[in-house]
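Below is one structure, written out as structure tokens, with a few remarks after it.
The values are calculated or read from the model by the stated rules, or taken from the named source; none is laboratory data. Only a predicted model underlies this, so the values are computations on that prediction, with no experimental measurement involved. Ideal geometry is used to build each Cβ from the backbone, glycine not excepted, and the neighbour counts take in all protein chains shown.
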Amino acid sequence: MAVFDEYLIHDEDIVYELEVSKKPADVRPWLRYVQFKQERPIVEKAFVLERACNILPRSYKLWKMYLDLRTDNLRSVDPRERPEEFIRVNELFEKALILLNKMPRIWIDYLGHLLRQMNVTNIRRTFDRALQALPTTQHGLIWPLYAEFANTANPMTCACVWERYVQFDGSQIENYVEVLTREKFYQRAAEQLIKLINDPNFESVNAKGEFQLWEDLIDILVHHSKEISSIDVDKTIRSGIARFSDQKGRLYVNLATYWISLGEYERARDVFEEGVTSSMTIRDFTQVFDSYAEFEEMLIARMMEDSSLKDGTNTQVDRRMEAFEQLMDRRPFVVNDVLLKQDQNNVVEWEKRAVLWGNDKQQVVNTYNKAIGIINPKRTNGKLSQLWVNFAKFYENGDDLGTARTIFDKATKVPFKSVEELADVWIEWAEMELRHENFDRAIKVMANATIGPKKSRVNYFDETKSPQERLHKSIKLWLFYVDLVESVGELDEVRPLYDRIFELKIGTPLTVLNYANLLEENRYFEESFKVYERGIELFPFPTAFELWNVYLNKALKRKLGLERLRDLFEQALEHCPAEMSKPFFLLYGRLEEDRGLIRNAVKIYDRATKTVADKDKLEMYRFYISRVAEHFGLPATRPIFQNSIDSLDDSSANIICQEFIAVEEKLGEIDRARSLFGFASQFNNPRILGEFWTKWETFEKEYGTQETYKEMLRIKRSVLAQFNTDVQYIGSQAEELKNKLRQGQDIDMDQGSERETAMSMLEKQANAPLGFVVSTEPTQKDQNPLPEESNPDQIDIDIDNM
């Protein structure tokens with residue numbers, strides 16, 4: 001430490017000098033003195049602090065202030081330019097640490113100061129001294145700094161420091177491995193990774209999974225194989241293959257790469273072969289096979305480019321090329337093997353394997369036999385029946401029908417998953433016989449397939465019974481049998497088959513129609529009608545609707561007796577749902593009309609209006625009215641119009657009422673038409689259904705008087721007021737009705753309201769005083785009395801113009 005002259009003490013310092021001289025062992029006067037010197041040059045501050053530290057060598061606070069002052073002064077100084085200054089500060093730190101060696105902050109500051117000087121040996125020894133001096137609990141303050149220093153030192157020093165660091169803090173093991181790898185200590189890095197992998201309690205601070213650690217290990221073992229001596233790499237990687245079954249492909253490639261790096265090409269090829277044949281997924285197979293192919297291509301390219309080979313180079317290249325071609329030819333087979341390992345009951349993959357063998361007949365047969373022996377019929381993925389069929393077709397294509405029949409016969413005894421598959425086998429067998437024009441054999445095959453108990457009680461859908469026990473109830477099988485016999489046999493041979501279908505109660509509506517049409521084509525009309533009746537007994541409505549529809553039309557075409565036809569129609573209508581009855585009523589009425597019995601037809605139409613579904617009533621009434629008008633004239637339609645208005649909903653009643661108005665107008669009954677306008681007004685909101693009011697206005701302009709026109713306007717206002725009693729409700733209703741109009745739907749307004757019959761309303765309208773409109777709804781006047789009209793002339797103003 002330099003000796004300071006007395007010139008550093010000024011007059012204003014005398015007070016502090018006296019104070020510290022009186023109490024030299026008291027730190028407080030020294031601190032006040034230092035505080036006073038804060039704005040003075042560094043030399044003066046150092047003069048005070050050095051004297052204080054000499055007198056109070058155990059004061060951490062004074063030493064910390066002094067050392068910070070000296071190190072801060074050198075912060076912008078290059079150690080190489082003024083090394084003596086750094087050495088003096090080093091000596092100060094050493095002096096402070098004589099008594100303050102338990103203070104980690106002093107050590108840390110000292111080490112930070114030394115790191116700027118890069119005297120590696122001195123720094124390393126100082127770190128060691130700090131660790132020796134400080135208690136173990138405070139080593140965590142030193143080691144991160146020590147490790148940072150070690151990373152800049154030579155590899156050996158770095159590895160040694162980190163090895164000690166890991167002994168203190170085991171969580172740094174992964175960083176230690178990275179350091180060893182970076183410094184090319186691959187053997188030690190691999191050993192540390194193996195310890196981590198084998199430690200079941202290890203938890204990675206870097207969030208690495210177990211396989212990621214394996215990847216790090218394998219990367220070292222494979223890419224630095226020549227630096228690894230004491231580790232059995234082959235055994236290590238194989239243990240990883242056993243542990244990580246979902247990463248087998250990648251690990252096999254790594255193992256092969258290891259042997260390639262050592263020049264052991266045959267061993268690498270063996271590993272590739274093992275990986276290809278043992279892969280359980282397409283992903284693993286693709287990884288291994290692609291690497292295998294790339295390896296072979298690399299070897300071939302190297303052999304072709306290597307000019308140093310001895311004679312026979314071409315032979316070696318040809319041999320490797322041939323091996324490579326065989327490898328590529330094997331690819332689809334190995335892929336198929338992988339898929340069959342995943343699911344040995346995969347019928348589609350067995351089919352593909354048979355196709356892969358192409359013209360190698362023996363291998364195709366072996367494949368089919370192997371598949372049949374391995375596949376569990378109850379657990380198949382795909383249709384096992386198709387496998388048997390294709391096996392039989394293989395022999396059929398080779399003109400060996402005997403063997404094909406044997407295979408089909410064996411297939412019919414297989415416990416398939418479903419009856420449908422078994423039926424397919426029998427049908428394919430019969431079709432094979434047909435292809436070779438063995439018609440009798442084909443019929444015999446189907447006869448054997450459809451054998452069953454005379455009065456079978458077997459449920460086709462009973463899974464507890466085998467497909468063979470339920471086969472005789474397969475409609476698919478029977479329909480093929482019927483088509484077969486129809487095409488090559490006689491009618492007398494076909495009819496028992498259809499009858500058997502009815503006995504088994506497995507027919508469909510299409511079966512009924514086909515049987516009936518067959519009999520009709522052969523002019524067995526009565527027999528065909530009986531078939532329809534049998535079908536109707538089997539199928540209730542709504543399925544029976546189509547059968548009845550065809551049956552009735554056929555019966556009408558044959559012009560059967562009237563009473564018989566009437567009985568048929570009554571039977572059809574007896575159980576027919578209302579929503580399906582309209583076509584039957586129309587046919588029934590046409591029958592009576594065609595026979596000249598108009599009044600009977602009218603009764604039927606009238607009955608129909610009371611029977612059909614609500615959605616069909618309007619059209620039914622219209623048809624009824626048109627037929628009555630045609631036969632009896634328009635006046636005769638009035639009662640029908642009146643009944644329709646009473647029975648239809650408001651929307652339909654509005655439509656039919658306006659048609660009634662047109663009829664009365666055509667007949668010249670102006671008063672009746674006007675009364676109908678008044679009655680229909682209750683259904684027509686002027687704001688929404690303005691067309692009605694336009695018609696009425698045109699009507700009054702043509703046939704009415706000023707009084708009737710005014711009455712029409714008054715009614716219009718009254719109706720509008722009635723619809724406006726609830727503004728919010730009407731607003732929502734108007735929007736809904738507009739949407740319905742755009743969609744072409746019926747408009748139902750005030751549906752469900754009770755109203756008087758149309759005739760009673762007309763009579764009341766005719767007898768009512770002028771200006772009074774009868775309504776079943778309470779008027780606005782009844783609910784909320786309206787103010788008296790102040791000016792009668794206001795009725796001349798159309799409400800649409802207000």
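On inspection, ARG353 qualifies as more than 30 Å from LYS505 (Cα to Cα), touching a Leu at 6+ places or on another chain (Cβ under 8 Å) and either assigned to a helix (DSSP H, G or I) or at pLDDT 90 or above (or both). Considering GLU630, GLU574, the condition of being surrounded by fewer than 18 Cβ atoms within 10 Å (Cβ to Cβ) and closer than 30 Å to LEU538 by Cα is satisfied by GLU574 alone. Going by the structure shown, is LYS248 closer than 19 Å to SER278 by Cβ, surrounded by 14 or more Cβ atoms within 10 Å (Cβ to Cβ) and basic (Lys, Arg)? The answer is yes for LYS248. The residue that is farthest from the chain's Cα centre (by Cα), among those in the range 673-718 that are at pLDDT 85 or above and among the β-branched types (Val, Ile, Thr), is THR705. Look at the range 206-233: where a residue is more than 19 Å from ARG182 (Cα to Cα) and a partner is surrounded by 12 or more Cβ atoms within 10 Å (Cβ to Cβ) and of a type in the set (Val, Ile, Thr), sitting 6+ places away or on another chain with Cβ atoms under 9 Å, you get GLU210/ILE197; ILE231/ILE194; VAL233/ILE218; VAL233/VAL222.
Yes/no matrix, rows are residues, columns are (1) within 28 Å of ARG590 (Cα to Cα); (2) out of contact with any Lys or Arg (no Cβ under 9 Å at 6 or more places or on another chain); (3) surrounded by fewer than 17 Cβ atoms within 10 Å (Cβ to Cβ):
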residue: SER487; (1), (2), (3): no, yes, yes
residue: GLU490; (1), (2), (3): no, yes, yes
residue: GLU493; (1), (2), (3): no, yes, yes
residue: LEU497; (1), (2), (3): no, yes, no
residue: LEU513; (1), (2), (3): yes, yes, no
residue: PHE529; (1), (2), (3): yes, no, no
residue: TYR532; (1), (2), (3): yes, no, no
residue: PRO540; (1), (2), (3): yes, yes, yes
residue: TRP548; (1), (2), (3): yes, yes, no
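Which one of the conditions (1) surrounded by 20 or more Cβ atoms within 10 Å (Cβ to Cβ); (2) under 40 Å from the mean Cα position of the chain (by Cα) does ASP462 fail to meet, given that it meets all the rest? Checking ASP462 against (1) surrounded by 20 or more Cβ atoms within 10 Å (Cβ to Cβ); (2) under 40 Å from the mean Cα position of the chain (by Cα), the one that fails is (1).
Residues are listed down the side, and each one gets a yes or a no for (1) under 23 Å from ILE260 (Cα atoms); (2) at pLDDT below 85:
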site	(1), (2)
GLU183	no, no
ALA190	yes, no
ASP199	no, yes
LYS208	no, yes
VAL222	yes, no
THR236	yes, no
LYS248	yes, no
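Here ILE661, ILE656 are screened, and the one residue that is of a type in the set (Val, Ile, Thr), assigned to a helix (DSSP H, G or I) and under 59 Å from the mean Cα position of the chain (by Cα) is ILE656.
Among the helices (runs of 4 or more DSSP H) confined wholly to the range 555-647, which include 3 or more residues that are in contact (Cβ under 8 Å) with a residue 12 or more places away in the chain and of a type in the set (Val, Ile, Thr)?
So the answer is 598-611.
Restricting the range 146-179 to residues that are assigned to a helix (DSSP H, G or I) and among the hydroxyl-bearing types (Ser, Thr, Tyr), the residue that is farthest from the chain's Cα centre (by Cα) is THR157. Filtering SER474, SER456 for residues that are in contact with a helix residue (DSSP H, G or I) (Cβ under 9 Å, 6 or more places away or on another chain), crowded, with 20+ Cβ neighbours inside 10 Å, touching a residue at least 12 places away in the same chain (Cβ under 8 Å) and of a type in the set (S, T, N, Q) leaves a single hit, SER474. Among the residues of the range 93-105, those identified as under 18 Å from ALA46 (Cα atoms) and surrounded by fewer than 20 Cβ atoms within 10 Å (Cβ to Cβ) are GLU94, LYS95. When LYS195, LYS184 are screened for being at positive phi and surrounded by fewer than 16 Cβ atoms within 10 Å (Cβ to Cβ), only LYS184 passes.
A search for C-beta distances below 7 Å between a residue of the range 681-696 that is assigned by the TED database to the domain that holds LYS710 and within 11 Å of LYS716 (Cα to Cα) and any residue that is at pLDDT below 85 and aromatic (Phe, Trp, Tyr), counting only pairs 6+ apart in sequence or on different chains, returns ASN685/PHE723. Scanning the range 478-506 for residues that are over 18 Å from TYR460 (Cα atoms) and outside any helix (DSSP H, G or I) yields GLY489, GLU490. Name the residues in the range 560-570 that are loosely packed, with under 15 Cβ neighbours inside 10 Å and in contact with an Asp or Glu (Cβ under 9 Å, 6 or more places away or on another chain), would you? Scanning the range 560-570 gives a single hit, LEU562.
In the set (1) more than 30 Å from ASN119 (Cα to Cα); (2) outside any helix (DSSP H, G or I), LYS184 fails one condition alone, (1).
So that you can scan it fast, the table gives a plain yes or no per residue for (1) among the aliphatic types (A, V, I, L, M); (2) modelled with pLDDT under 85:
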position	(1), (2)
SER279	no, no
THR286	no, no
GLU294	no, no
GLU297	no, no
GLU305	no, yes
LEU309	yes, yes
MET321	yes, no
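THR281 falls short on exactly one of the conditions (1) more than 24 Å from GLU178 (Cα to Cα); (2) free of Cβ contacts under 8 Å to residues at least 12 places away in the same chain; (3) under 43 Å from the mean Cα position of the chain (by Cα), and that condition is (2). Looking at this structure, is VAL271 closer than 30 Å to GLY170 by Cα, crowded, with 19+ Cβ neighbours inside 10 Å and more than 39 Å from the chain's Cα centre (by Cα)? Considered against the rule, which asks whether it is closer than 30 Å to GLY170 by Cα, crowded, with 19+ Cβ neighbours inside 10 Å and more than 39 Å from the chain's Cα centre (by Cα), VAL271 comes out as no.
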